[in-house]
Amino acid sequence: MSDQARMVNENQCQMCMPLGGVLAFKGVEGAMALVHGSQGCSTYMRLASVEHYNEPIDIASSSLNEKQTIHGGEGNLRKALDNVLRIYQPAVIGVVTTCLAETIGEDMQRMIKAYTGESSLKGADIIPVNTPSYAGSQSEGFWAATKAIIAHYARPVDKHGGVNVIIPHISPADIREIKRIMDLMGVEYTLLPDYSMTLDRPYGQYSKIAPGGTSREDIARMTGARATIQFGLTCPDELSPGLSLQQEYGVPLINLPLPIGLENTDRFTETLGRIGGRPLPDTLARERGWLLDGMADAHKYNAEGRPVIYGEPELVYAFASVCVENGAYPAAVATGTQSSLLLARVKLLLAEADVQPVLLEKADFAMIDEAAGETNANIAIGHSGGKLLTERRDIPVVRMGFPVHDRIGGQRILSAGYAGTLAFLDRFTNTLLEKKYATYRQLKREELFSQISIEGDQ
Amino acid sequence: MDTYCTLPTVPDTLIEDRQGSILTKGKSKGHISCTSDSLAGAVSQRACVYCGARVVLNPVTDAVHLVHGPIGCATYTWDIRGSLSGGSEMYRNSFSTNLGERDIIFGGEPKLSACIDEIVAKYSPPAIFVYSTCVVGVIGDDIIAVCKEATLRHGIDIIPVESSGFKSGNKVVGYRAAAEALLKLIKPVEGQVVEPSRKLNFLGEYNLGGELWVVKRYLREMGVEINVAFTGDSTVAALKQAPTACLNLVQCTGSMHYVANQLEKTYGIPYMDVNFFGAENTAESLRKIATFYGDEEIRRRAEALIERETGRIRPVLERYRKKLAGKRAAIYVGGAYKAAALIRQLRELGVEIVVTGTQTGKKEEYENLSSMLSEGTILVDDANPAEIERFLREMKVDIMAGGVKERVLAYKLGVGFVDHNHDRKECLAGFEGAATFAEEVYKTACSPVWKHLKKTSEEVRL
């Protein structure tokens with residue numbers, strides 16, 4: 001474990017908390033997001049999200065400025081809510097805070113309660129979430145918002161046979177795959193937050209608020225579910241939506257790793273099998289078979305991989321698992337946020353490994369770059385920030401996570417399920433092969449030919 | 001007050017308070033309402049003061065750019081500007097003091113000081129720009145004092161940039177903060193002699209896609225040397241030579257007019273507006289520069305260059321003009337300078353402008369823009385997505401020119417797009433840039449994809 005005690009953060013690995021909150025709200029049907037703070041925050045979040053999703057992503061701002069910060073931002077917040085309601089006519093408005101709003105001590109609950117009490121525009125649910133950017137990254141913001149959304153609608157309901165599925169910030173393609181697997185296994189579910197359509201719209205008639213998202217009715221019934229499957233091994237208890245459902249409504253929590261990787265997907269399908277009572281259907285069994293076949297075909301190439309894996313904790317853990325089960329033992333594992341849970345899990349995962357990887361939390365790319373150099377990493381898995389590794393060390397990056405802004409299709413990156421895991425493995429292995437084919441002749445010449453040609457063979 | 005005529009208002013699509021910011025040429029009376037703070041909740045495309053300061057200063061290649069605040073501001077602006085460098089790549093690194101909860105409560109000054117020390121120990125940069133962000137203003141960190149102390153401690157320029165984002169919703173204030181920082185950087189020290197030269201400075205040129213280098217080449221051919229651009233491909237050392245120039249060219253007026261004014265006041269350097277976007281604009285600007293120098297040889301070379309280059313690209317422009325005639329364009333960009341440049345460049349290609357807007361235009365600038373436009377064109381200040389969506393539909397726009405946030409909306413509506421944004425990779429300046437521009441407009445406006453999309457949007461409802 002690198003024990004750099006540097007103060008300065010050099011080339012950031014994570015983004016800020018309110019962004020996570022905003023993205024979670026985009027998974028609720030008919031929702032708009034509003035950021036209570038300076039305008040720059042929402043515009044930059046839009047820029048980052050737009051470049052990744054290649055979708056118009058409208059995020060409103062209360063446009064706080066100096067006047068308001070002395071007297072409080074209530075006036076601007078009200079005006080902002082009025083305008084959002086008028087233009088977008090949303091069913092839900094998620095209001096996240098910024099470091100500015102939190103520092104001046106805005107009482108979101110009180111202000112929104114007062115607003116909804118008086119407002120003549122009925123029908124919109126306004127849900128505040130505290131997401132000060134100095135208290136966490138977008139991963140924490142995402143959990144916090146999901147928890148707040150559930151809490152807002154939670155009330156005692158009749159028990160039913162459906163299952164809750166709570167996801168971290170994965171790609172829309174992964175969401176669709178998880179849903180497909182559950183459909184194939186015959187399990188009824190409510191997945192939250194479901195932005196698989198809202199942040200990835202097929203071309204057609206354009207509307208200001210994208211169709212799709214988890215409905216409010218379904219969210220309200222989450223308290224009566226049979227169980228909650230939460231992909232949150234690294235989610236801290238105080239932010240855990242699934243844990244609060246268990247503690248307050250007795251819905252049993254099943255905390256699983258993201259179904260990325262053979263073992264992780266097996267755990268998911270086995271859990272679904274127990275819940276739904278059905279065995280693995282032929283379609284999925286075949287996909288599993290193809291994955292196994294692919295793992296065998298590629299195992300020797302993959303054994304040459306020494307990956308650096310970085311990004312949001314839940315994703316990092318899942319991809320580390322895939323690498324380990326294919327013999328591509330990670331050289332370094334890093335996350336930009338604080339996550340002792342991630343580090344503990346990865347240590348367990350790599351207990352048997354010959355060489356222990358460098359483990360980094362609160363990492364920046366200066367640290368990751370250094371670790372990559374020390375460990376002779378030859379491939380990276382993570383978001384576009386890793387292009388620094390390519391530029392400085394020729395380490396190719398297999399992109400996943402957020403943001404992927406220097407390639408197209410960030411929203412379509414599929415890594416979940418058997419099919420997705422195989423798709424990822426192909427990308428991973430082929431990246432290694434591409435590099436190998438491009439360099440091996442030269443390397444062999446330098447390494448071996450040069451030794452004999454000195455003796456004057458030519 | 002005169003009534004403002006806007007599009008037929010459908011309730012709940014346009015905010016009433018925005019009416020004054022949307023005019024239709026020939027139909028609306030009075031001036032456009034602009035340069036005010038954005039409306040809360042309107043989803044303005046504008047960013048913040050820090051944004052304005054960062055985009056202006058970031059291209060200073062060998063300086064360290066340190067953002068004092070929580071992590072977000074730095075992450076969002078890491079390497080997002082397409083400015084190219086011929087030398088140092090230090091500016092492509094993003095440094096943040098990453099203020100946490102403790103720092104917010106107890107103050108971030110010690111951390112800032114420590115971060116500066118770390119940076120100097122690791123990189124020995126010639127200068128450090130320290131940007132303040134929203135929270136820093138609120139918690140009362142005195143970055144000016146910290147920078148002053150650090151400057152004495154390390155013997156290099158450590159310059160505070162007062163860019164606290166909440167000062168105003170308008171990033172133009174950020175331009176000003178950046179300007180003050182630059183002026184501080186280039187101020188000669190006590191007793192330093194400023195030796196005047198025949199070189200010029202190029203203000204408001206950020207070397208996106210190498211555009212500075214194209215202009216440099218033209219000027220060199222004419223016999224004129226650029227000292228430094230503010231701030232494209234600039235170094236701290238070259239910027240410090242700025243007071244020696246005999247002329248300042250100003251391209252992006254929004255960000256640099258203030259600087260030009262101050263340089264004239266303080267160092268007696270005159271300035272002139274130039275515009276290297278579009279063949280005609282480029283020729284005009286080169287001639288203006290030649291006239292300023294009053295040298296017959298420079299003038300002769302300028303004419304030779306103009307003749308040669310315009311001749312070279314004429315067939316290219318002709319070819320594309322044929323295919324683009326009658327296409328309708330919408331422009332929504334950051335500043336009026338860029339909007340004016342685009343209007344001319346698109347007109348050169350036979351494209352009709354039906355919508356024009358900016359984030360930060362001033363009253364006189366809008367009047368100038370309006371004079372360039374035909375009747376029925378919509379003029380808009382500080383537009384939001386709902387308005388842009390309406391204009392694109394109702395004005396039957398074929399292509400749009402703007403930034404990243406506008407691009408995705410345009411594609412969703414089946415409208416082609418010309419990237420004139422902060423991170424563009426293509427060189428669009430000078431004669432060759434005019435040819436590249438024409439090609440880019442053509443590739444998007446005449447792409448085969450649109451006919452499929454148009455057909456589908458009529459059939460499919462999701």
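What number do you get for the protein assembly as shown when its Cα radius of gyration is normalised by 2.2 N^0.38 Å, N = residues?
0.97
Just tell me how shielded B:99-111 is by partners: mean number of partner chain Cβ atoms within 10 Å of each residue's Cβ, no decimals.
2
If you line up the long axis of helix A:282-302 against the longest principal axis of chain A, both from Cα atoms, how many degrees apart are they, to the nearest 10?
With rounding to tens, the tilt is 40 degrees.
Given charges of +1 on the Cβ of Lys and Arg and -1 on the Cβ of Asp and Glu, with all other atoms neutral, how large is the dipole of the protein assembly as shown about its Cα centre, in debye to the nearest 20?
2120
Averaged across the residues of B:379-389, what count of C-beta atoms belonging to other chains lies within 10 Å of each residue's C-beta?
Details: counts 0, 0, 0, 0, 0, 4, 7, 6, 1, 1, 4.
Mean inter-chain Cβ contacts per residue within 10 Å come to 2.
Past 20 Å, Cα to Cα: identify those pairs from B:363/B:425; B:25/B:363; B:171/B:216, in the order given.
Check vs 20 Å cut-off fails for B:363/B:425; B:171/B:216.
Counting only protein heavy atoms and using a 1.4 Å probe, what share of the accessible area of segment B:307-438 belongs to carbon plus sulfur, as a whole percent?
49
Where the accessible area of segment A:158-233 is counted over protein heavy atoms with a 1.4 Å probe, how much of it, in %, is carbon and sulfur?
Roughly 47 percent of what the probe reaches on segment A:158-233 is carbon or sulfur.
For segment A:170-211, state which residues have at least 50 Å² less accessible area in the presence of all protein chains than in their chain by itself, taking the probe as 1.4 Å and leaving out ligands, DNA and RNA.
Checking the loss per residue gives A:203, A:205, A:206, A:208.
Any aspartates and glutamates with Cα under 16 Å of the residue B:187 Cα? List them, leaving off those in the same chain fewer than 8 positions away.
Candidates past the 8-residue exclusion: B:157, B:195, B:264.
Write out the GluC sites (Glu not before Pro) in segment A:350-384 meeting two conditions: DSSP loop, and at most 16 other Cβ atoms within 10 Å of their Cβ.
Answer in residue order: A:352.
If a paramagnetic tag sat 7 Å from the Cα of residue A:303 along the Cα-Cβ line, which residues of segment A:342-382 would have the backbone N under 14 Å from that point?
A:354
Mind jotting down the distance between the C-alpha centroids of segment B:256-281 and segment B:374-445, whole Å?
Taking the Cα centre of segment B:256-281 as reference, the centre of segment B:374-445 is 27 Å away.
Give me the angle, in degrees from 0 to 90, between the Cα long axis of helix A:138-153 and the longest principal axis of the Cα atoms of chain A, rounded to the nearest 10.
40
Between segment A:230-304 and segment A:16-86, how many Å separate their Cα centres?
34
Compute log10 of I(q)/I(0) for segment B:181-222 with the Debye formula, placing one identical point scatterer on every Cα and leaving out solvent, at q = 0.16, 0.23 Å⁻¹, to two decimals.
-0.64, -0.93
Which value, in debye to the nearest 20, gives the size of the charge dipole of segment A:357-458 about its Cα centre, when Lys and Arg are +1 and Asp and Glu are -1 at the Cβ?
Dipole size: approximately 500 debye.
Rank B:399, B:427, B:376 by how far each Cα sits towards the positive end of the charge dipole of segment B:359-458 (+1 on Lys, Arg Cβ; -1 on Asp, Glu Cβ) and give me just the farthest.
Comparing the listed Cα positions along the dipole, B:399 ranks first.
Which pairs, out of A:362/A:435; B:396/B:455; B:111/B:148, put more than 22 Å between their alpha-carbon atoms?
Values: A:362/A:435 30 Å; B:396/B:455 15 Å; B:111/B:148 15 Å.
A:362/A:435, as the Cα separations exceed 22 Å there.
Count the DSSP beta bridges whose two residues both fall in the protein assembly as shown, then state the antiparallel fraction as a percent rounded to the nearest 5.
Around 10 percent of the beta bridges assigned by DSSP in the protein assembly as shown are antiparallel ones.
Which whole-Hz couplings ³J(HN,Hα) result when phi for each residue of segment A:389-398 is put into the Karplus expression 6.51 cos²θ - 1.76 cosθ + 1.60, θ = phi - 60°, listed in order with x for Gly and Pro?
Those phi angles translate into 5, 5, 5, 8, 10, 6, 8, x, 10, 8 Hz.
Would you grab the residues whose amide H sits under 5 Å from the one on residue A:191? Only those 5+ places off in sequence or on another chain, please, with H modelled 1.01 Å from N.
A:165
What is the helix-to-structure angle for A:340-349, meaning the angle in degrees between its Cα long axis and the longest Cα principal axis of chain A, kept from 0 to 90 and rounded to the nearest 10?
Compared with the principal axis, the helix lies near 40 degrees.
Please report, as a whole percent, how much of the solvent-accessible surface of segment A:60-119 comes from carbon and sulfur atoms (probe radius 1.4 Å).
46
With respect to the cross-link table entries A:387/B:240; A:67/A:113; A:113/A:147, which display a Cα-Cα separation exceeding 25 Å? List each step's numbers first, then the result.
On the way: A:387/B:240 33 Å; A:67/A:113 23 Å; A:113/A:147 19 Å.
Long pairs (Cα-Cα over 25 Å): A:387/B:240.
Quote the relative contact order of chain A in percent (integer), defining contacts as alpha-carbon pairs under 8 Å separated by 6+ residues. Present the calculation step by step, with values, prior to reporting the outcome.
Numbers: 892 pairs, mean separation 80.5, N = 458.
Relative contact order here is 18 percent.
Name the residues whose placed amide hydrogens come within less than 5 Å of the amide hydrogen of residue B:209, ignoring near sequence neighbours (fewer than 5 apart) on the same chain.
Amide H neighbours of residue B:209, under 5 Å, 5+ apart: B:84.
Leaving out ligands and nucleic acids, and using a 1.4 Å probe, what accessible area per residue does segment A:80-215 come to in Å²?
Working: 4510 Å² over 136 residues.
For segment A:80-215, the per-residue accessible area is 33 Å².
Suppose all protein chains stay in the model; what accessible area per residue would a 1.4 Å probe give for segment A:318-458, in Å²? Each step should come with its number before you reach the end.
Values: 6660 Å² over 141 residues.
Here the per-residue accessible area is 47 Å².
Test of understanding: extend the Cα→C-beta vector of residue A:352 to 7 Å, then name every residue of segment A:307-338 with backbone N under 20 Å from that spot.
A:307, A:317-332
Put simply, what bits of segment B:35-67 lose 50 Å² or more of accessible area when the other protein chains are there, versus the chain on its own (1.4 Å probe)?
B:40, B:41, B:43
Give me, ordered by chain and number, the residues 5 or more places off residue B:67 or on other chains with an amide H under 5 Å from its own placed amide H.
Under 5 Å from the amide H of residue B:67 lie the amide H atoms of B:95, B:96, B:97, B:131, each far enough along the sequence or on another chain.
If you take the square roots of the eigenvalues of the alpha-carbon gyration tensor of segment A:305-429 and sort them as a ≥ b ≥ c, do you get rounded (a/c under 1.5), prolate (a/b over b/c) or oblate?
Rounded is the answer for segment A:305-429, as its axis ratio a/c remains below 1.5.
Using protein heavy atoms only (no ligands, DNA or RNA), what is the total accessible area buried between B and A, 1.4 Å probe, nearest 100 Å²?
That pair of chains buries around 6100 Å² in total.
Averaged per residue, what accessible area in Å² does segment B:68-163 show with a 1.4 Å probe, protein chains only?
It amounts to 37 Å² per residue over segment B:68-163.
Counting just the Cα atoms, what span does segment B:342-429 cover along each of its three principal axes? Round to the nearest Å and put the largest first.
For segment B:342-429, the Cα spread along each principal axis is 31, 30, 27 Å.
The values are calculated or read from the model by the stated rules, or taken from the named source; none is laboratory data. These figures come from a predicted structure and were not determined experimentally. When we count neighbours, we look across all protein chains shown, and the Cβ atoms used for this are built from the backbone with ideal geometry, even at glycine. Quick note on the areas: whole protein, heavy atoms, side chains included, nothing else; ligands and nucleic acids left out. Shrake-Rupley method; radii C 1.70, N 1.55, O 1.52, S 1.80 Å.
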